[in-house]
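Mind looking over this structure? Questions follow.
The values are calculated or read from the model by the stated rules, or taken from the named source; none is laboratory data. This structure is a prediction, so every number in the text was calculated from the model and none was measured. Cβ coordinates were reconstructed from backbone atoms using ideal geometry, including for glycine residues, and neighbour counts include every protein chain displayed. Side chains are part of the model used for accessible areas, which takes the heavy atoms of the whole protein and leaves out ligands, DNA and RNA. Shrake-Rupley method; radii C 1.70, N 1.55, O 1.52, S 1.80 Å.
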Amino acid sequence: MQRAVCILALALGCLISSSVWSAAKPITLILEQTTTVRVGDLAVLHIPSDSRYSHSGAEGAWRDVLVRVRHSGHDVTFRAVRPGLGVIIISPNVPEGDCISCATLHYFIDVIPQK
């Protein structure tokens, strides 16, 4: 009887899609390019470990389409919440007189509706 229950449980597990069992992997945002994500998707931003960016936050026009869900070390994870365009700007800490715009990082996001 116990063997039959194990076989039944295994068969049922095989029928259920593996996507149900695993959490969706976050999409990595790409520097200076537009990354397309769907509403509900997670997106991760890897802030460079360069000391110029150690005190930088994720600024810009992204709050209409994303919410920040986690910040761990140099990684910030966002969830796409509504369709639209956004940009995350990471500004460096540079000595006075140095070019800040030359070292500013931009991550463009295009959030599209779910299927």
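Rounded to the nearest 10 Å², what accessible area does R68 have for a 1.4 Å probe in the complete protein model?
Number for this one is 110 Å².
Moving on to the next point. Name the shape class, rounded, prolate or oblate, that the alpha-carbon gyration tensor gives for segment 47-101, where a ≥ b ≥ c are the square roots of its eigenvalues, rounded holds for a/c under 1.5, and otherwise prolate holds if a/b is larger than b/c and oblate otherwise.
Working: a/c = 4.00, a/b = 1.69, b/c = 2.37.
Oblate.
Please give the FRET efficiency for I30 paired with E96, using the beta carbon to beta carbon distance and R0 = 30 Å, rounded to the nearest 0.05. It would help to have the intermediate numbers written out before the result.
Values: r = 31 Å, r/R0 = 1.03.
The pair I30/E96 has a calculated efficiency of 0.45.
Just how much of S49 is accessible, in Å², when a 1.4 Å probe is used and the result is rounded to the nearest 10?
Counting only protein heavy atoms, S49 exposes about 90 Å² to solvent.
Taking a 1.4 Å probe, which of K25, K115 shows the most accessible area, and what order do the others take after it? Display every interim value, and only then the final one.
Working: K25 175, K115 205 Å².
Sorted by accessible area, descending: K115, K25.
V67: net charge of surrounding residues, Cβ under 14 Å, Lys/Arg +1, Asp/Glu -1, itself excluded?
Value of the local net charge: +3.
How many nm is it between the label spots at R52 and V81, if each spot is 7 Å from the Cα in line with the beta carbon?
Result for the modelled spin labels: 3.2 nm.
Using a 1.4 angstrom probe on the protein heavy atoms only, could you order F108, F78 from most to least accessible area?
Numbers: F108 75, F78 0 Å².
Final ranking, largest accessible area leading: F108, F78.
Okay, next question. Can you tell me the FRET efficiency between K115 and S72 if r is taken as the Cβ-Cβ distance and R0 is 25 Å, rounded to the nearest 0.05?
Numbers: r = 30 Å, r/R0 = 1.19.
The pair K115/S72 has a calculated efficiency of 0.25.
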